[in-house]
Amino acid sequence: MLLPLEIQIRIVLSSLVAGLIIGVVFDLYRLFRGFRVPKLIIVIEDILFWILCAMLVFIFLLYVNYALLSVYVYFFILIGDIIYLKLVSPYFISVENKIGRGFLKGIRVGCKNLSYAFRIAFFNKNSNKK
């Protein structure tokens, strides 16, 4: 069955967007996974990640183009993912790192201010001896 050209273009564009979605989810997964994790945990996390990605892509393609899956759909998902990883991912990771550093710095400054307030309130014995 031949599909009209506008439907084929819609399928190709939705496949590219699905690849971009996989790239974003992969960057978020890299952020939350961490570095010093045992190999068995990494394998389990990777399997769960790819199951989640498969479900997300299938639901997205089901919503957008009734889940018409063919070889070129997989090809354009791969192309969309490569485009994201090469062009957008470095900027997305740098923004993630800046947000993470800012969040940790805020927590560190807040803890230091709270500890300073507690030290003055509870451990400052010199002010009572005058």
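The values are calculated or read from the model by the stated rules, or taken from the named source; none is laboratory data. Everything numeric here is computed off the predicted structure, so don't read it as measured data. Neighbour counts are summed over all protein chains in view; Cβ atoms, including those assigned to glycine, are modelled from backbone coordinates with ideal geometry.
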Within segment 21-38, tally of residues that are at pLDDT 90 or above and surrounded by fewer than 11 Cβ atoms within 10 Å (Cβ to Cβ): 0
Filter result for the condition that a residue is surrounded by 14 or more Cβ atoms within 10 Å (Cβ to Cβ) and over 13 Å from the mean Cα position of the chain (by Cα), over VAL88, VAL71, VAL64: VAL64
